[in-house]
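Q: Encoded as structure tokens, here's the structure I'll be asking about.
Since every read-out is calculated from the coordinates, none of them should be taken as a lab result. Being a predicted model, the structure only gives us computed values, none of them experimental. Ideal geometry is used to build each Cβ from the backbone, glycine not excepted, and the neighbour counts take in all protein chains shown.
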Amino acid sequence: SEMEKGTYDHFMLKEIDEQPLVMRKIIEAYENEQNQLVLPPEILSATTGCDRIYIIACGTSYHAGLVGKQLLEKLAQVSVEVHVASEFSYNMPLLSGKPLFIFISQSGETADSRSVLVKVKEMGFPALTLTNVPGSTLSREADYTLNLHAGPEIAVASTKAYTAQIAVLAILAATTAKAKGIQTDFDLVQELAIVANAMEVLTQQKETIEELAHAYLDTTRNAFFIGRSADYFVCLEGALKLKEISYIQAEGFAGGELKHGTIALIEEGTPVIALDTQAGVHGAIRGNVQEVVARGANALVVSMQGLELDEDAFVLPHVHELLTPLISVVPLQLLAYYAALHSDCDVDKPRNLAKSVTVE
Ligand code: G6P
């Protein structure tokens, strides 16, 4: 059953491997007989009728929200703010006139997110929950729910739920765009199928990625992830994965911010993982790689096919530029997994962490 590890040593690795299947399940769940993505009309009325979307989430789900904002703004032309639930709860920003709240939560039980949901419902605002557990508290208490279809996620470190969240947010963005009559030549069904295949290619490169984990992460106490635009958001998630399960102090930051502080930390041998998937910032991120290498960093570049410059870059199969977070995260998940494994950490149950945090 889905609750068993089967031939896997850890749920985390099994769940990383399930990501191509989850992408295909999501397409199947949200497409109609004409192979067009459709969502319930009441959800599209909410996204087209609001003047601003507020995405509320914690941890990995917050990181998915950052990618979702970009998708919703670029495809559906709606303004989006993304907030960490706990901060939003006691420091609520000035709200727009017709807000729509979107809660992203794998478990649907996170107390910090629920506390915001209770508040905004009291204020009379509509709420949509994206969750992997349809009967969960956040799902029941919101007006609308979209299921992530990732199947049970057992490992504390979230992997397949993150990519499912981004895929469902992409569907929300594309269907909202269509409902608003915005013309795009973006065929999401086809693009997500390409993503699923690319994920499969990546999950078959475990030996290579294990060697990279050995070369870059096995003996380090810290590591940095740098990227620009969408890559920056994935860097935050890559750093969180590494911290959670390997206890290596990791930080993800925007390439442009390097010079404003973090570069002071680069020493001989410091691992720096650079994501380079966005053509528009390719030159700028390559400049950052040169800067850190000049200061002794041990740099690993993860490049989109077509952007790779050096022989030792780890190359990602080509996918649509808006969807690169769905695949660039896979090698980062695997790097974290092998780094944790190599230092004998409890991969599925890291110290001090819980899968679902039901206290504020
Ligand atoms: C916990 C988990 C994280 C997760 C966060 C939000 O801290 O350890 O992996 O990202 O909660 O969980 P949710 O279920 O709301 O997505």
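Q: Tally Lys/Arg at +1 and Asp/Glu at -1 over every other residue whose Cβ is under 10 Å from the Cβ of L44; what's the total?
A: Once positives and negatives cancel, what remains is +1.
Q: So what is the relative contact order for segment 236-360, in percent, with contacts set as C-alpha pairs under 8 Å and at least six apart?
A: Relative contact order here is 30 percent.
Q: How about segment 276-337: which GluC sites (Glu not before Pro) there are in a DSSP loop, with at most 11 other Cβ atoms within 10 Å of their Cβ?
A: Filter output for segment 276-337: E311.
Q: Further question on the same structure: In whole Å, what are the Cα extents of segment 205-360 along the three principal axes, biggest one first?
A: 42, 36, 35
Q: I want to verify a result. In a Gaussian network model of the chain, Cα cutoff 10 Å, which of these has the top mean-square fluctuation: F101, F314, F186?
A: Checking each option, the largest mean-square fluctuation is seen for F186.
Q: Starting from the Cα coordinates of segment 125-164, work out the convex hull volume and express it per residue in Å³.
A: For segment 125-164, the hull spanned by Cα atoms encloses 76 Å³ per residue.
Q: Provide the FRET efficiency to the nearest 0.05 for the E73-S343 pair, computing r from the beta carbons and using R0 = 35 Å.
A: Values: r = 40 Å, r/R0 = 1.13.
The pair E73/S343 has a calculated efficiency of 0.30.
Q: Let me ask something else about it. If you place +1 on the Cβ of every Lys and Arg and -1 on the Cβ of every Asp and Glu, how big does the dipole about the Cα centre of segment 35-137 come out, in debye to the nearest 20?
A: Using only the charged Cβ atoms, the result is roughly 100 debye.
Q: Once you list every other residue whose beta carbon is under 12 Å from the beta carbon of S328, what net charge do they have if Lys and Arg are +1 and Asp and Glu are -1?
A: It works out to a net charge of -4.
Q: Short version: what are the Cα gyration tensor semi-axes of segment 1-127, square root of 5 times each eigenvalue, largest first, in whole Å?
A: Over the Cα atoms of segment 1-127, the semi-axes work out to 29, 21, 13 Å.
Q: Between V315 and E31, what length in nm is gained on full extension when 0.36 nm per residue of separation is reduced by their alpha carbon distance? Let's see the in-between values first.
A: Values: separation 284, 0.36 × 284 = 102.24 nm, distance 3.08 nm.
The span from V315 to E31 would gain 99.2 nm if fully extended.
Q: With a cut-off of 8 Å between alpha carbons and a minimum separation of six or more residues, what is the relative contact order of the chain in percent?
A: 19
Q: To the nearest 20 debye, what is the magnitude of the charge dipole of segment 278-360 about its Cα centre, counting +1 on the Cβ of each Lys and Arg and -1 on the Cβ of each Asp and Glu?
A: On the way: 5 positive and 10 negative charges, 45 e Å.
Charge dipole, segment 278-360, about its Cα centre: 220 debye, nearest 20.
Q: Taking 29 Å as the cut-off for C-alpha to C-alpha distance, list the pairs among K206/K355; K74/K241; K121/K349; K180/K355 that go past it. Please list the in-between numbers first.
A: On the way: K206/K355 25 Å; K74/K241 27 Å; K121/K349 34 Å; K180/K355 38 Å.
Beyond 29 Å: K121/K349; K180/K355.
Q: Where nothing but the Cβ of Lys and Arg (+1) and of Asp and Glu (-1) is charged, how large is the charge dipole of the chain around its Cα centre, in debye to the nearest 20? Write down the numbers at each step before the final one.
A: Details: 26 positive and 46 negative charges, 213 e Å.
Value, rounded to 20: 1020 debye.
Q: Mind listing which chymotrypsin sites (Phe, Trp or Tyr not before Pro) in segment 1-67 are in a DSSP loop and have 14 or fewer other Cβ atoms within 10 Å?
A: Y8
Q: Calculate, in nm to one decimal, what I263 and L353 gain on full extension: separation in residues at 0.36 nm each, minus their alpha carbon distance.
A: Full extension of this stretch gives 29.4 nm more.
Q: Output needed for segment 147-252: three equivalent-ellipsoid semi-axes, defined as square roots of 5 times the C-alpha gyration tensor eigenvalues, in descending order, whole Å.
A: Working: eigenvalues 190, 49, 43 Å².
Ellipsoid semi-axes (Å, largest first): 31, 16, 15.
Q: Only Cα pairs within less than 10 Å get springs; with that Gaussian network setup on the chain, which residue of E15, E153, E257 has the largest fluctuation?
A: Maximum fluctuation in the GNM of the chain, among the listed residues, is at E257.
Q: Take the alpha carbon atoms of segment 286-312, find their center, do the same for segment 318-344, and report the distance between the two centers in whole angstrom.
A: If you average the Cα positions of each part, the centres end up 17 Å apart.
Q: Using packing as a proxy for protection, rank 326-335, 107-116 so that the peptide with the highest average count of other Cβ atoms within 10 Å comes first.
A: 326-335, 107-116
Q: How large is the direction-averaged shadow of the alpha-carbon convex hull of the chain, in nm²?
A: 17.6
Q: Could you grab the relative contact order for segment 103-180? Cα pairs under 8 Å, six or more apart, rounded to a whole percent. Write down the numbers at each step before the final one.
A: Numbers: 106 pairs, mean separation 20.0, N = 78.
Taking the mean separation of contacting Cα pairs over the length of segment 103-180, I get 26 percent.
Q: Quote the Stokes-Einstein diffusion coefficient, in whole µm² s⁻¹, for segment 57-153, based on the Kirkwood radius over alpha carbon pairs, a temperature of 10 °C and a viscosity of 1.306 mPa s.
A: On the way: Rh = 13.5 Å.
After rounding, the answer is 117 µm²/s.
Q: Could you list the trypsin sites (Lys or Arg not before Pro) in segment 258-350 that lie in coil according to DSSP, counting only those with at most 15 other Cβ atoms within 10 Å of their Cβ?
A: R295
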